[in-house]
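Following: one structure in structure tokens, then a few remarks.
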Amino acid sequence: METSGGHLWGGRFGSGPAEAFERLNASIPFDIRLAPYDIRGSMAHAKMLGERGIISPEEAKTLVRGLEAVLREVEAGEFSWSLADEDVHTAVERRLRELVGDVALKLHTGRSRNDQVALDLHLFCRDATDRIKSGLLETMAALVEVAERHRDLVLPGYTHLQRAQPLLLAHHLLAHFWAFARDLQRLGAARAAANVSPLGAAALGGTPHPVDPALTAEELGMEPFVNSLDAVSERDFALDLLYACAVLGVHLSRLGEEWVLWTSQEFGFAELDDAYSSGSSIMPQKKNPDAYELMRGRAGRLIGDLNALMIALKGLPLGYSKDLQEDKEPLFDAVDGILAVLAVLPGMLRTARFCAGRMEEAAGGFALATELADFLAARGVPFREAHRVVGRLVRRCEELGISLEEMPRAELAAAHPALGELPGGLLTPRGSVANKRSPGSTSPASVEEQLRRAREVLAGARR
Ligand code: ARG
């Protein structure tokens, strides 16, 4: 990377920047990826300048055509930049001048890099929310497919990571679906916040040129800003997206943690397809759930990215400060991080195999104790009393070294007469889930209803 003069602000300075300062100051190594957005924003700005008579219609046309050529170079990977370009805005303008000549020097009329960079970032965020949303929808579709394919598998639900009660696997998978459905809403809100154009705010207080921010906003499919100072100072839209990514990251991490457990030999509930596992360089038998661990690990970075921008912003007075250049890397890191995870997850979910026997076995035994207590309570025994009776039974089972299902009828009846009428089949994982009556429960009927609503969410989001 070559360093030399050519800065947009050179006029006032007697000498060029020190090389070390130039390296620190430059954002071009990372903001070059904003080039397509920068160019689209410049096209909208040039058109507006022409329409408002700030430059001639011919000049506007030349600028737009030149910008189209720069965009083609960017898209073809032929656009070259150097550290002397400082940032993407300078690089694009420099190239435009090389292509169309000095008319390029008029493009920056009524505009500052402050409203320009804010616009680029809004466009980036709008695009990113769309891409994340589509990856998330694919993941949610995979959850629904797997839930439908394994409608009657049962596994234990856990509290304190102790076996608690039997659940339908579909109910468990759909629990993640509903968390992701809330992520979709957060992404929708982040998209709406990103859909505001700061162009026309200029450096901070507007401009004497008769620009029309509504015109540029409309050209970009956005709403115009209301206050020029707010427009160049705020990064709330970026925070919104970072927050949406952080919460989504936490959800992905919790799902990942469960699969790390499920695929362990201790649980043995599921096995990942070879395509989504990796081995050990020394232990030949290993098959590791690296992708799920990375998902769990990445959540930390996503939370860090949100914090990085919050902290960068919190002490800033209104108006542009160079601290704002620090907004980009955390944002890019979060978006790339989430997209990379969402690219693998649907395939991992669809190709995993479940060990029905292991899951069902683990869902039996004392995980059925609540079922017994509820059976008694449904027959008029106060629940506290029922809880005590079953608690004693569990202790008795432990003394005898048997499970609840193996408890002789006579012992049950002795614990409480009503237990003598316990229907066969209730004290099984499937009997237990089938016995649930409350809305939103793990009962097969509730799970069917959830599947119906989940399909509705997917169809609605894709419309
Ligand atoms: N590279 C800068 C950034 O990322 C662009 C805006 C520069 N504006 C300025 N007044 N120095 O924030």
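The values are calculated or read from the model by the stated rules, or taken from the named source; none is laboratory data. Please read all numbers here as calculations on a predicted model, not as lab measurements. As a convention, Cβ positions derive from the backbone with ideal geometry for all residues, glycine included, and neighbour counts pool all protein chains shown. These area figures cover heavy atoms from the full protein model, side chains too; ligands, DNA and RNA do not enter into them. Shrake-Rupley method; radii C 1.70, N 1.55, O 1.52, S 1.80 Å.
The angle between the Cα long axis of helix 57-75 and the main principal axis of the chain comes to about 50°, on a 0 to 90 degree scale. Of the residues ALA454, VAL211, LEU167, the one whose Cα sits farthest towards the positive end of the charge dipole of the chain is LEU167 (charges of +1 on Lys and Arg Cβ, -1 on Asp and Glu Cβ, taken about the Cα centre).
Could you work out the equivalent-ellipsoid semi-axes for region 287-385, taking the square root of 5 times each eigenvalue of the Cα gyration tensor, largest first, in whole Å? Semi-axes, largest first: 48, 24, 9 Å. Once the 1.4 Å probe is applied to the protein heavy atoms, the chain comes out at 46 Å² accessible per residue. Distances between placed amide hydrogens fall under 5 Å for GLU223 paired with VAL196, SER197, all partners being 5 or more residues away or on another chain. Gap in Å between the Cα centre of region 95-156 and the Cα centre of region 307-323? Going from one Cα centre to the other spans 23 Å.
Placing unit charges on each Cβ (+1 for Lys and Arg, -1 for Asp and Glu) gives the chain a dipole about its Cα centre, and among LEU372, GLY16, ALA35 the Cα reaching farthest toward its positive end belongs to LEU372. In this Cβ point-charge picture (+1 for Lys and Arg, -1 for Asp and Glu), region 155-261 has a dipole of about 620 debye about its Cα centre. Debye-formula intensities of region 142-223, expressed as log10 I(q)/I(0) at q = 0.19, 0.22 Å⁻¹, are -0.90, -1.01 (one equal scatterer per alpha-carbon, no solvent). If you add up the charges near LEU318, with Lys and Arg at +1 and Asp and Glu at -1, over every other residue whose beta carbon is less than 11 angstrom from its beta carbon, what do you get? Once positives and negatives cancel, what remains is -2. Taking a straight Cα-Cα cut-off under 16 Å and skipping sequence neighbours fewer than 8 places away in the same chain, the aspartates and glutamates within cross-link reach of LYS286 are GLU266, GLU271, ASP273, ASP274. For region 262-271, 3J(HN,Hα) computed residue by residue from phi via the Karplus equation (6.51, -1.76, 1.60; θ = phi - 60°) reads 4, 8, 6, 5, 4, 7, x, 7, 8, 10 Hz, glycine and proline entered as x. Counted by Cβ distance under 13 Å from LEU458, the other residues give a net charge of +2, where Lys and Arg count +1 and Asp and Glu count -1.
The per residue volume of the convex hull around the alpha-carbon atoms of the chain is 199 Å³.
About its Cα centre, the dipole of region 192-335 is roughly 420 debye, where the only charges are +1 on Lys and Arg Cβ and -1 on Asp and Glu Cβ.
For region 390-463, carbon and sulfur atoms together expose 55% of the accessible surface, with a 1.4 angstrom probe and every protein chain in place. In region 14-145, the portion of solvent-accessible area held by carbon and sulfur atoms comes to 49 percent [1.4 Å probe, whole percent, DNA, RNA and ligands not counted].
Pairwise alpha-carbon distances in region 60-112 exceed 16 Å for 38% of all pairs. Over region 111-270, the ratio between the Cα radius of gyration and 2.2 N^0.38 Å evaluates to 1.46.
Across all directions, the shadow cast by the convex hull of region 230-274 built on its C-alpha atoms averages 4.4 square nanometres.
Scaled against the 2.2 N^0.38 Å expected of a compact globular protein of N residues, the Cα radius of gyration of region 44-86 reads 1.42. Beyond 13 Å, the tail of the calculated P(r) for region 345-392 holds 65 percent of the Cα pairs.
Between ILE282, SER438, PHE383, the Cα set farthest toward the positive side of the dipole of the chain (charges on each charged residue's Cβ, about the Cα centre) is that of PHE383. Couplings 3J(HN,Hα) of region 393-403, computed from phi: 4, 4, 4, 4, 4, 4, 4, 7, x, 10, 9 Hz, in residue order, whole Hz [Karplus 6.51 cos²θ - 1.76 cosθ + 1.60, θ = phi - 60°; x for Gly and Pro].
Over region 8-114, the Kirkwood radius and the radius of gyration, each from Cα atoms, give a ratio Rg/Rh of 0.98.
Per-peptide packing, taken as the mean over residues of other Cβ atoms within 10 Å, places 37-43, 394-400 in the sequence 37-43, 394-400 from highest down. The calculated pair-distance distribution of region 319-463 uses every alpha carbon pair, bins of 10 angstrom beginning at 0, and gives 9, 24, 22, 15, 14, 9, 5, 1, 0 percent. Of the peptides 300-310, 192-202, the ranking by mean beta-carbon count within 10 Å, highest at the top, reads 192-202, 300-310.
Here the chain is assigned +1 on the Cβ of each Lys and Arg and -1 on the Cβ of each Asp and Glu. Its dipole about the Cα centre then comes out at about 1300 debye. Peptide packing for 45-54, 178-187, 108-117 was compared via the average number of neighbouring C-beta atoms within 10 Å per residue; ordered from the highest value, the list is 108-117, 45-54, 178-187.
Other residues whose C-beta falls under 12 angstrom from the C-beta of LEU422 contribute a net charge of -3, scoring Lys and Arg +1 and Asp and Glu -1. Our note on the geometry: Cα centres of region 182-224 and region 289-304, 33 Å apart.
Projected onto its three principal axes, the C-alpha set of region 272-329 covers 58, 17, 16 Å, listed from the longest axis down. Restricting the calculation to alpha carbons of region 208-305 gives Rg and Dmax of 22.9, 72 angstrom. Computed 3J(HN,Hα) for region 207-223, one whole-Hz value per residue from the Karplus formula 6.51 cos²θ - 1.76 cosθ + 1.60 where θ = phi - 60°, is 8, x, 6, x, 6, 10, x, 5, 5, 5, 4, 4, 4, 9, x, 10, 8, glycine and proline marked x.
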